[in-house]
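The values are calculated or read from the model by the stated rules, or taken from the named source; none is laboratory data. Bear in mind that the values here come from a model prediction, so they are computed numbers and not experimental data. Using ideal geometry, Cβ is built from the backbone for each residue, glycine included, and neighbour counts are taken over all protein chains shown.
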Amino acid sequence: MLHSRLFVKSKKELPEDEVSKNAILLHKASFVYKEMSGVYTFLPMGLRVLNKIENLLRKHMDLVGTEIYLSSLAPKELWQQTGRINEVDVLFKVSAANENSKNKSNNEYILNSTHEELVTPIAAHFAQSYKDFPVDHPLAFYQIQTKFRNEPRAKSGLLRGREFRMKDLYSFHLTKDDFEKYYESVKQSYINFFTDLQLGQDLYITSASGGDFTEQVSHEFQIMCDAGEDTIYIDEASKNAFNKELVSTENEIKFGVKFDALEQVTACEVGNIFTLEDKFTKAFNLQYTNRDNKKELVPHMGCYGIGTTRIMGVMVEKFSDDSGMVWPKVVAPFDVEIVSLFKELGDDVYVESKSIYEKLKASYDCLLDDREISVGQKLNDADLYGIPVQIIVGAKNLERGVVEVKVRKSGRILEVQLNEVESLLKTLWPEVF
C-alpha cells in the first residue's frame, strides 16, 4: 500500500475532551476520527487493525459456532415479549426524523444493544426436534456487529462508547451437562484468542455477578490496565479473580477467600460469558420434540461476548510508548513500513524504496511512505503508527549500498546491505512478536 493512497495524515491537534492514551494516539495517528462523544469512524489504518482483530477472532469462534449476521433494528414487540423494553437502561429506539419521513412510516423500532430477542426466535424457527441439538456440534450462532448503547459515561476512547463493535455468541442446549461442557470450551477458546493477541499474560478470568439473567456467577475476561474501569481482586495462588461487586461476607464464605488478603488491581473487561438459563427460551416458547415425541422447553441457553473495538483500545493502552503505538504483528496495520527519505519523487532514494517495496510485498504486508513531506515527520509518523518493522531508506546510506532496519518494539536499528534485507526480515519475526 502506498501511503499517499490512504488519504490520511497525522494530527497535532486533538479533541479537547480526549484524555485517555488510546484516544490520543489513535486520533493523532489518524487511525480513527471522532464524530461525537463515544462514536468513532475507523480510518484506513485503524480499520485494518480492527479487521485483523476480528478475523483472528473468527478463527477461534468458527471452532465453537456458526457465523450469522443479525439485524440492527428489531420490532418493539420482541423486546416487549421479554419485558426488557422497560428494563435495559442503555436501550435506544429509532423513529422517523422529520415529517416527510413520518408520512412514509411512523413506526418505532429498537436499535439492538444485544441480540437475545432476535436469535432466540430464529432458533425456535429452525430447531424443533431433539435431533436439532447435537452434542458433538451444539446449536450455537455468533456474529460480529455494531452495537448501540445509550452510555451515560461515554469516555476513555474506544474503552467505552455509544457505538462499538462486538462479537456475541448464543448457544442452546437440552441438558445442563451439555451446556457446562460447551461453556468450558468457549472459555478455552477465549483464552486462546487473548493469548494470540499477546494479552494472555495480563488476562484474568474473573467471577462476577450474573446480572439480570441468572443468580449464578458469570465470568468476565479482564485485562489488567491502568485505564480500566473495574477493580478486581486477584488470588495469585489459585489464579482466581473476583469483581469488586462480589465483595461481601457471604461471598467470602461461598468462595472460601478473604477479600482483604487479595491483591486489588485496575482492569478492563474485554469479554464475558454467562448462562441465560431459560429466560429467553421461555419468553419465546422455544420447544423441541423429545425422543418420546413430546414437547419440552429448551432449558439451557448461554451468551458469550467480546468487545472488538474495546480490545483495540486496550491494546493501545498496553502496547505503546512515548513515541506512539507498538502493535504486535498479529494485528498491526502493516508488517513492514518502508520509510523513503527522498528529496523529490523519482530520485535514487525513491526508486530504490519502490524497488524494495515491490520485492517485499509478495511476502509481507507493506506500507511505502511515498508522501512529499519532511524527513522528521516521516520518521515521527513511523514510530507513531507502531508498525513492527521499519526499513529506512536515506541518500547517504544508499551511497554505501545499505539501509537501516528498525524494530519498533525494541528500538533496535540494524544497518543492512540491500541484498540482505529479505533474509534479515525472516530472522526478525521472533523479536517482532
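Does Val32 qualify as being in contact with a helix residue (DSSP H, G or I) (Cβ under 8 Å, 6 or more places away or on another chain), under 22 Å from Arg160 (Cα atoms) and β-branched (Val, Ile, Thr)?
Yes, satisfied.
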Residues (surrounded by 17 or more Cβ atoms within 10 Å (Cβ to Cβ), closer than 18 Å to Leu118 by Cα and not aliphatic (A, V, I, L, M)) located in the stretch 275-298: Thr275, Glu277, Lys279, Phe280, Thr281, Phe284
Single match in Ala362, Ala382 (criterion: in the same structural domain as Lys406 (by TED's automatic domain parsing), within 17 Å of Gly324 (Cα to Cα) and not acidic (Asp, Glu)): Ala382
Number of the exception - Gly83 against (1) touching a Leu at 6+ places or on another chain (Cβ under 9 Å); (2) among the small types (Gly, Ala, Ser); (3) exposed (fewer than 13 other Cβ atoms within 10 Å of the Cβ): (1)
All positions within the stretch 168-203 that are part of a loop (DSSP other than H, G, I, E, B) and of a type in the set (A, V, I, L, M, F, W, C): Leu174, Leu197, Leu199
Cross-chain or 6+ apart pairs with Cβ under 8 Å, the stretch 342-353 first and over 11 Å from Gly394 (Cα atoms), then part of a loop (DSSP other than H, G, I, E, B) and of a type outside the set (A, V, I, L, M): Glu344/Glu372; Leu345/Asp370; Leu345/Glu372
Residue within the stretch 420-428 that is within 20 Å of Leu379 (Cα to Cα), loosely packed, with under 13 Cβ neighbours inside 10 Å and touching a strand residue (DSSP E or B) at 6+ places or on another chain (Cβ under 9 Å) present: no
Pairs, first within 12 Å of Val331 (Cβ to Cβ) and in the same structural domain as Val270 (by TED's automatic domain parsing) in the stretch 33-59, second among the charged types (D, E, K, R) and in a helix (DSSP H, G or I), C-beta under 7 Å, six or more apart: Leu56/Asp196
Count of the stretch 388-419 residues which are more than 15 Å from Leu367 (Cβ to Cβ), surrounded by 13 or more Cβ atoms within 10 Å (Cβ to Cβ) and among the charged types (D, E, K, R): 2
Residue that is surrounded by the most Cβ atoms within 10 Å (Cβ to Cβ) [pool: residues in the stretch 17-50 that are among the aliphatic types (A, V, I, L, M) and part of a helix (DSSP H, G or I)]: Leu26
Enumeration of residues in the stretch 86-112 that are surrounded by 11 or more Cβ atoms within 10 Å (Cβ to Cβ) and closer than 20 Å to Glu277 by Cα: Val88
Residue ID - nearest to Glu117 (Cα to Cα), chosen from residues in the stretch 300-333 that are more than 14 Å from the chain's Cα centre (by Cα) and of a type in the set (Gly, Ala, Ser): Gly302
Some residue of the stretch 179-195 being at pLDDT 95 or above, over 30 Å from Val326 (Cβ atoms) and in contact with a Pro (Cβ under 7 Å, 6 or more places away or on another chain): yes
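Take Gly211 and decide whether it is surrounded by fewer than 16 Cβ atoms within 10 Å (Cβ to Cβ) and of a type in the set (Gly, Ala, Ser).
Taking the combined requirement at face value, the residue satisfies it.
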Filter result for Val316 (in contact (Cβ under 8 Å) with a residue 24 or more places away in the chain, more than 24 Å from Ser185 (Cα to Cα), in the same structural domain as Asn22 (by TED's automatic domain parsing) and not polar (S, T, N, Q)): yes
